[in-house]
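Colleague: Structure below; questions to follow.
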Amino acid sequence: MELELATQYFTATSLDGFIATEDDSLEWLFPLADLDQSSYPAFIAEVGALAMGASTYEWMLRNTDKMIAETGSAWPYSQPTWVFTHRTLPRIDGADVRFAAGDVPQVHAQMQAAAGGRNIWIVGGGDLAGQFHDAGLLDELIVQVGSVTLGRGKPLFPRRVLSPVLRLQSARQMGAGMVELRYTVLV
C-alpha cells in the first residue's frame with residue numbers, strides 16, 4: 001500500500017537495530033546492497049523535502065569525497081533539507097539546507113509547504129524520526145535491514161512503540177544481504 005503525501009522514515013539498519021556505529025559510521029552498510037537495485041530511486045523521486053539530524057549532516061560533511069564519487073556532487077539532494085541542530089554548522093555549496101532548532105510540528109508545516117504536495121523524508125537519525133512520531137507526524141517507516149550485527153551504535157528508533165501502532169505493509173528481499181520492511185504508522 002502506497003501512502004500519498006506522507007512523512008516517511010526511510011533508513012537502513014543492522015539486524016540488531018543500529019543505523020550507525022557509535023562514531024556515526026555507515027561503512028557497514030555499503031557492501032550489502034546496491035541503491036540502484038533497491039526501492040530508493042522510486043522513493044526519492046516522490047520526495048519534496050528532507051529532515052536530517054545534525055549527526056547525519058555532519059557525516060555527509062565528513063564524507064563529501066564519497067558523495068562526489070558516488071553521485072557526482074557533494075550534496076546528492078535537489079530538495080530543500082531541514083537540518084535539526086542547536087549548533088552552528090557549515091553549509092555545503094549549492095545545497096538548499098535550512099537549519100532548524102525549533103519545534104518539530106512548526107518545522108514540519110514549513111516542510112510541507114516547501115514539498116509542493118510531495119513526501120517528506122526523515123533521513124536520520126532515529127531520535128529525529130522519534131520526535132516526528134511523538135508529534136503524531138510520522139506516517140511510514142521504510143526500513144532496509146542488513147545481514148550484519150553491530151553490537152552497539154545509534155539505535156534505529158529509540159522509542160517504545162507497541163502493537164498495533166505499526167502495520168506491516170510489505171517485506172521484500174534485496175539481494176542476499178538486505179530485506180526491506182514497510183510499515184504504516186497507525187494513529
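Colleague: Among residues other than Q79 whose Cβ falls under 10 Å from its Cβ, what is the net charge (Lys/Arg +1, Asp/Glu -1)?
Modeller: 0
Colleague: Can you check how the C-alpha radius of gyration of segment 1-97 compares to 2.2 N^0.38 Å, as a plain ratio?
Modeller: In units of the 2.2 N^0.38 Å rule of thumb, it is 1.12.
Colleague: Going highest first, how would you order 120-126, 109-115 by mean Cβ packing within 10 Å?
Modeller: 120-126, 109-115
Colleague: While we're here: Would you please give the residues with an amide H less than 5 Å from that of M178, counting only those at least 5 places away or on a separate chain, with H modeled from the backbone geometry?
Modeller: Hits under the 5 Å cutoff: none.
Colleague: For the residue pair S147 and L5, what label-to-label distance in nm results when each label sits 7 Å from Cα along the Cα-to-beta-carbon direction?
Modeller: 4.1
Colleague: Let me ask you something else. Return the equivalent ellipsoid semi-axes of segment 101-187 as a descending list in whole Å, where each equals the square root of 5 times an eigenvalue of the C-alpha gyration tensor.
Modeller: 25, 16, 14
Colleague: Another question about this same structure. Report ³J(HN,Hα) in whole Hz for each residue of segment 158-175, in order, from the Karplus equation J = 6.51 cos²θ - 1.76 cosθ + 1.60 where θ = phi - 60°; Gly and Pro get x.
Modeller: Here the 3J(HN,Hα) series is x, 9, 8, 10, 9, 4, x, 5, 9, 10, 5, 9, 6, 9, 9, 6, 10, x Hz.
Colleague: Could you work out the helix-only [θ] at 222 nm for the chain, with each DSSP H run of four or more residues adding -39,500 (n - 2.57) and the total divided by the number of residues, to the nearest 500 deg cm²/dmol?
Modeller: -6500 deg cm²/dmol
Colleague: Net charge within 15 Å of L35 by Cβ-Cβ distance, Lys/Arg positive one each and Asp/Glu negative one each, not counting L35 itself?
Modeller: Result for the local shell: -2.
Colleague: Once you have the Cα-Cα distance between A113 and L186, take 0.36 nm times their residue separation minus that, and quote the gain in nm to one decimal.
Modeller: Stretched out fully, the A113 to L186 stretch lengthens by 23.9 nm.
Colleague: Please report, to two decimal places, log10 I(q)/I(0) for segment 7-178 at q = 0.15, 0.16, 0.19 Å⁻¹ as given by the Debye formula with identical point scatterers on the Cα atoms and no solvent.
Modeller: Calculated log10 I(q)/I(0) at the listed q: -0.89, -1.03, -1.54.
Colleague: Which ³J(HN,Hα) values, rounded to whole Hz and listed in residue order, are derived for segment 47-62 from phi using the Karplus coefficients 6.51, -1.76 and 1.60 in 6.51 cos²θ - 1.76 cosθ + 1.60 with θ = phi - 60°, glycine and proline given as x?
Modeller: These are the phi-based 3J(HN,Hα) values: 9, x, 7, 10, 10, 9, x, 4, 5, 5, 4, 5, 4, 5, 4, 6 Hz.
Colleague: Distance in nm between label sites at D23 and L168, each 7 Å beyond Cα in the beta-carbon direction?
Modeller: Output for this residue pair reads 3.6 nm.
Colleague: Let me ask something else. Summing Lys, Arg as +1 and Asp, Glu as -1, what charge do residues with Cβ under 14 Å from the Cβ of Q144 carry, Q144 excluded?
Modeller: Taking every other residue near Q144 into account, the sum is -2.
Every read-out reported here was derived from the displayed coordinates using simple, explicitly stated rules and does not represent laboratory data. These numbers were taken from a predicted model, which means no experiment stands behind them. Neighbour counts run over all protein chains shown; Cβ positions are idealised from the backbone, glycine included.
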